1. Within the set of pairs 6 or more residues apart or between chains, which connect a residue that is under 12 Å from residue 5 (Cα atoms) inside the stretch 98-119 to a residue that is assigned to a loop (DSSP other than H, G, I, E, B) with Cβ atoms less than 7 Å apart?
2. Being at pLDDT below 90, surrounded by 10 or more Cβ atoms within 10 Å (Cβ to Cβ) and outside any helix (DSSP H, G or I) is the filter here, so list the residues in the stretch 88-116 that pass it.
3. Within the stretch 60-92, track down each residue that is over 21 Å from the mean Cα position of the chain (by Cα), β-branched (Val, Ile, Thr) and within 20 Å of residue 42 (Cα to Cα).
4. I'd like to know if the stretch 34-44 contains one or more residues that are modelled with pLDDT under 90 and either over 20 Å from the mean Cα position of the chain (by Cα) or closer than 19 Å to residue 106 by Cα (or both).
5. Select from the stretch 35-83 the residues that are surrounded by 14 or more Cβ atoms within 10 Å (Cβ to Cβ) and among the β-branched types (Val, Ile, Thr) and write down the one among them that is nearest to residue 95 (Cα to Cα).
6. Given the structure, is residue 54 closer than 22 Å to residue 73 by Cα and over 17 Å from the mean Cα position of the chain (by Cα)?
7. Tell me, please, whether a residue that is under 20 Å from residue 5 (Cα atoms) and of a type in the set (Ser, Thr, Tyr) can be found in the stretch 40-62.
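The values are calculated or read from the model by the stated rules, or taken from the named source; none is laboratory data. Keep in mind it's a predicted model, so treat the numbers as computed, not measured. Quick reminder, even Gly has a Cβ in these numbers, built from the backbone with ideal geometry, and neighbours come from all protein chains shown.
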Amino acid sequence: MRGCITLDPRTDPLNESAVDVVFDAVGAKATRAQALAAIKPGGTIMHVGLQDWASEIDMRKLTLAEITLLGTYTYTTADLRATVDALARGVFGDLSWVEERPLDEGQQAFLDLDQGRCAAAKVILRP
């Protein structure tokens, strides 16, 4: 996880072809455009967020620069409803196994989880 940073494309634009891997966890038109602009030739963009339904993608750049664009989606609406119901019924216990940290401590939280330095099994990052 070294070298990972979190950016807000509205205030923290990246240079053209600056990074090897981009995770777009927002999925807005602006974040998709910045992801494509910021990725190096041969890099990978992981698209996770679904804020906007559609946006233009520069397929020429994607193809000529041999950029890999991946999408992932984990949960269905039924999964989310079942989880909220389970939380409301206390199925997961008292949730003492969850730790909350400020969003700007996200990189350290991932490092702590990865290296076993976090007592919690789950860390929630709050803005």
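1. Hits for this filter: 103/127; 106/6; 107/1; 107/4; 110/1.
2. 92, 95, 97, 98
3. If we filter the stretch 60-92 for residues that are over 21 Å from the mean Cα position of the chain (by Cα), which is where we start, we get 60-61, 63-66, 78, 81-82, 84-92.
Right, trim to β-branched (Val, Ile, Thr) and you get 63, 84, 91.
The one that is over 21 Å from the mean Cα position of the chain (by Cα), β-branched (Val, Ile, Thr) and within 20 Å of residue 42 (Cα to Cα): 63.
4. Checked the stretch 34-44: no residue is modelled with pLDDT under 90 and either over 20 Å from the mean Cα position of the chain (by Cα) or closer than 19 Å to residue 106 by Cα (or both).
5. Filtering the stretch 35-83 for residues that are surrounded by 14 or more Cβ atoms within 10 Å (Cβ to Cβ) and among the β-branched types (Val, Ile, Thr), the one nearest to residue 95 (Cα to Cα) comes out as 48.
6. Numbers: closer than 22 Å to residue 73 by Cα: yes; over 17 Å from the mean Cα position of the chain (by Cα): yes.
The answer is yes for residue 54.
7. Yes, because at least one residue in the stretch 40-62 is under 20 Å from residue 5 (Cα atoms) and of a type in the set (Ser, Thr, Tyr).
For (1) under 19 Å from residue 125 (Cβ atoms); (2) β-branched (Val, Ile, Thr), each residue gets a yes or a no:
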| position | (1), (2) |
| --- | --- |
| 9 | yes, no |
| 17 | no, no |
| 30 | no, no |
| 49 | yes, no |
| 68 | no, yes |
| 77 | no, yes |
| 93 | no, no |
| 102 | yes, no |
| 107 | yes, no |
